[in-house]
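J.: First the structure, then my questions, so here it is.
The values are calculated or read from the model by the stated rules, or taken from the named source; none is laboratory data. Predicted model only: the values in this text are computed from it and were never measured. Heads up, the Cβs are rebuilt from the backbone with ideal geometry, glycines too, and the neighbour counts pull from every protein chain shown. When the accessible area is computed, the model is the full protein with side chains, heavy atoms only, and any ligands, DNA or RNA have been set aside. Shrake-Rupley method; radii C 1.70, N 1.55, O 1.52, S 1.80 Å.
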Amino acid sequence: MAEPRRRLGIRARITSVAVAVVAVALIAGAVGFWLTLRTSLLGQLELAAAQDATAWAEQVDESGVDSLPDVDDDRFWQVLDRDTGAVVAAGDVAEDLGPLADRQGVLPGAIDIPGAGVFVVAADRDGGDWIVVAGRSTAESDATLASVAALLAVSVPIIVLVVGGTTWIAVGRALAPVDRLRRQVDAVTASDLSRRVDDPHTTDEVGRLARTMNGMLARLETAQHSQRRFISDASHELKSPLAVLRQYAEVALAHPERVSPRLLADTVLGEGARLERLVQGMLVLAKADENALVLDAVEVDLDDVLFSEAQRVRATTAVEVDGSGIRPVRARADAGLVAQAVRNLVDNAVRHASGRITLSTALADGMAAVVVEDDGPGVPPAERERVWERFVRLDEARSRDAGGSGLGLAIVAEIARAHGGSVRLDDAALGGARFTLSLPA
């Protein structure tokens, strides 16, 4: 199979186009100039021949044919009898020629005289007994045109070469910063994304390209750090329940009397549920990172979701739940993801509540809102942006025994973002934290 032809580089393509355009323009201009000059020179010769014919015709009428002067080889005259059309007299160049004009003075325009060259001829047509024909040689004009043609034939290629060389150098210098950026980017490796390309601090395309590349490298570095931190934290989180399961299993095998079957079963179920929540949360976040979080949007009654969560909390905990603020509100969303986000908010409130949480709904500006408040210690303003990060626990929530993995609020934020909504953290009227999840109504 034939190897595909490689396209020329940008530098070669720009130079080729510039050379081609300049060459075509110069050739067309040179041809046009030469033709214009030729027309002008021949016109001047024709005018000079006509002036000669008129002047000599007046001289013949006044002084006779014998009064016509001897002229150089670059001019000639011929006198014709108007009645017979015969040649009466002629200069040296035209003495062997027949009549060059008819009785009305019509001429062929230009004639090639053997041994003398090409002449432009003109005749006097003002009347009288004689017709005087005058001719001017084109030898000088031909020499001028030949010199101009030679000059153009030499100068046009030289100009094209100069333009090509100048374009090649100029484009090379213009692309040099781009090639430098390419080498610098090529030197960046996955193990070290902290390197940046040189910013020329200009407002042209090269400057914008450098800043764009630096921004891309910064985003890649941030993504890499986030990925590494995510993997590290996920490994740590998964290791904890696995270690507990292994520890209980080893103790049960070595000392069956110390671990009852009921205790072992409860431990396996609890740690298994914890593992399931971790894996499910990491799966949601991984899909969100890849923009692969598929939404099955339906009409979701948010009040029903909150009433279900209130019953679950009352049945499984001693925390008091105030649901008096729940009103019928419907959102267009994925029912499973919304239920997961609401459960994460409620579980977070239960973990931090001193004894009471409140659940409510609201509708404003085309957005349906779920509000979850608790009477716990709240979140300091300086920490309110960090709570949405993955595997982040504040001081009050560092104990893994409390059931938190540091993924719940991060999942809520991703689910809200996937729906085109938002989640906000404020101070609660109960003194703790107030989370507001807004979704399209």
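J.: Quick check, is Ile131 more than 30 Å from Leu35 (Cα to Cα), more than 60 Å from the chain's Cα centre (by Cα) and in a strand (DSSP E or B)?
T.: On the way: more than 30 Å from Leu35 (Cα to Cα): yes; more than 60 Å from the chain's Cα centre (by Cα): yes; in a strand (DSSP E or B): yes.
Taking the combined requirement at face value, the residue satisfies it.
J.: Here are Glu250, Glu205: which of them is closer than 30 Å to Leu269 by Cβ and exposed (fewer than 14 other Cβ atoms within 10 Å of the Cβ)?
T.: Glu250
J.: Could you please find all residues in the stretch 324-340 being open to solvent by less than 30 Å² (accessible area, probe 1.4 Å) and within 16 Å of Glu373 (Cβ to Cβ)?
T.: Selection gives Gly325, Ile326.
J.: Something else about it: Any chance you could count how many residues in the stretch 162-184 are surrounded by 15 or more Cβ atoms within 10 Å (Cβ to Cβ) and free of Cβ contacts under 8 Å to residues at least 40 places away in the same chain? Steps first, please.
T.: The first filter runs over the stretch 162-184 and keeps only residues surrounded by 15 or more Cβ atoms within 10 Å (Cβ to Cβ), leaving 163-164, 167-168, 171, 174-175, 177, 180-181, 184.
So of that shortlist, the ones also free of Cβ contacts under 8 Å to residues at least 40 places away in the same chain come out as 174, 177, 180-181, 184.
The total comes to 5.
J.: Any residue at all in the stretch 144-158 that is surrounded by fewer than 12 Cβ atoms within 10 Å (Cβ to Cβ) and among the hydroxyl-bearing types (Ser, Thr, Tyr)?
T.: Scanning the stretch 144-158, I find at least one residue that is surrounded by fewer than 12 Cβ atoms within 10 Å (Cβ to Cβ) and among the hydroxyl-bearing types (Ser, Thr, Tyr), so the answer is yes.
J.: Looking only at the stretch 176-227, which residues are in a loop (DSSP other than H, G, I, E, B), under 30 Å from Glu389 (Cα atoms) and not aliphatic (A, V, I, L, M)? Write out each step before concluding.
T.: The first filter runs over the stretch 176-227 and keeps only residues in a loop (DSSP other than H, G, I, E, B), leaving 187-188, 190-191, 193-204.
Keeping just the survivors that are under 30 Å from Glu389 (Cα atoms) gives 188, 190-191, 193-197.
Passing the criteria: Ser191, Ser194, Arg195, Arg196.
Let's see how each residue does on (1) open to solvent by 50 Å² or more (accessible area, probe 1.4 Å); (2) acidic (Asp, Glu); (3) more than 19 Å from Gly421 (Cβ to Cβ):
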| site | (1), (2), (3) |
| --- | --- |
| Val321 | no, no, yes |
| Val342 | no, no, no |
| Leu359 | no, no, no |
| Asp365 | yes, yes, no |
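J.: Return the pairs, sorted by first residue and then second, in which the second residue is of a type in the set (Phe, Trp, Tyr), the first residue lies in the stretch 9-25 and is in a helix (DSSP H, G or I), the beta carbons are less than 6 Å apart, and the residues are 6+ apart or on different chains.
T.: If the second residue must be of a type in the set (Phe, Trp, Tyr), the pairs left are Thr15/Trp168.
J.: Return yes when Leu220 is open to solvent by 50 Å² or more (accessible area, probe 1.4 Å) and at pLDDT 80 or above and no when it is not.
T.: For Leu220, the condition - open to solvent by 50 Å² or more (accessible area, probe 1.4 Å) and at pLDDT 80 or above - is met.
J.: Looking at this structure, is Gly336 outside any loop (DSSP other than H, G, I, E, B) and under 15 Å from Ala418 (Cβ atoms)?
T.: Numbers: outside any loop (DSSP other than H, G, I, E, B): yes; under 15 Å from Ala418 (Cβ atoms): yes.
Judged against the criteria, Gly336 is a match.
J.: Which members of the stretch 62-72 meet the condition of being under 17 Å from Ile113 (Cα atoms) and out of contact with any helix residue (DSSP H, G or I) (no Cβ under 9 Å at 6 or more places or on another chain)?
T.: Just the residues of the stretch 62-72 that are under 17 Å from Ile113 (Cα atoms), to begin with: 71-72.
Matches in the stretch 62-72: Asp72 only.
J.: Can I ask one more? Scan the stretch 260-307 for residues that are at pLDDT below 70, open to solvent by 70 Å² or more (accessible area, probe 1.4 Å) and not in a helix (DSSP H, G or I) and report the count.
T.: Qualifying residue count for the region: 3.
J.: Consider only pairs whose beta carbons are under 8 Å apart and that are at least six residues apart or on different chains; among these, list those whose first residue lies in the stretch 364-385 and is within 24 Å of Val300 (Cα to Cα) and outside any strand (DSSP E or B) and whose second residue is open to solvent by less than 40 Å² (accessible area, probe 1.4 Å) and modelled with pLDDT of 85 or more.
T.: Gly366/Pro440
J.: When only residues in the stretch 223-237 that are open to solvent by 50 Å² or more (accessible area, probe 1.4 Å) and within 18 Å of Glu276 (Cβ to Cβ) count, which is modelled with the lowest pLDDT? Working first, answer last.
T.: Of the stretch 223-237, the ones open to solvent by 50 Å² or more (accessible area, probe 1.4 Å) are 223, 225-229, 231-232, 235-236.
Next, from what is left, pick out any that are within 18 Å of Glu276 (Cβ to Cβ): 235-236.
Values: Ser235: 71, His236: 61.
Only one residue fits best here, namely His236.
J.: May I ask you to list the residues in the stretch 27-64 that are under 14 Å from Ser141 (Cα atoms) and loosely packed, with under 13 Cβ neighbours inside 10 Å?
T.: Matches in the stretch 27-64: Leu35, Thr36, Thr39, Ser40, Gly43.
J.: Taking the stretch 65-85 as the search range and keeping residues that are in a loop (DSSP other than H, G, I, E, B), open to solvent by less than 80 Å² (accessible area, probe 1.4 Å) and not charged (D, E, K, R), which one is nearest to Arg136 (Cα to Cα)?
T.: Among residues in the stretch 65-85 that are in a loop (DSSP other than H, G, I, E, B), open to solvent by less than 80 Å² (accessible area, probe 1.4 Å) and not charged (D, E, K, R), the one nearest to Arg136 (Cα to Cα) is Val71.
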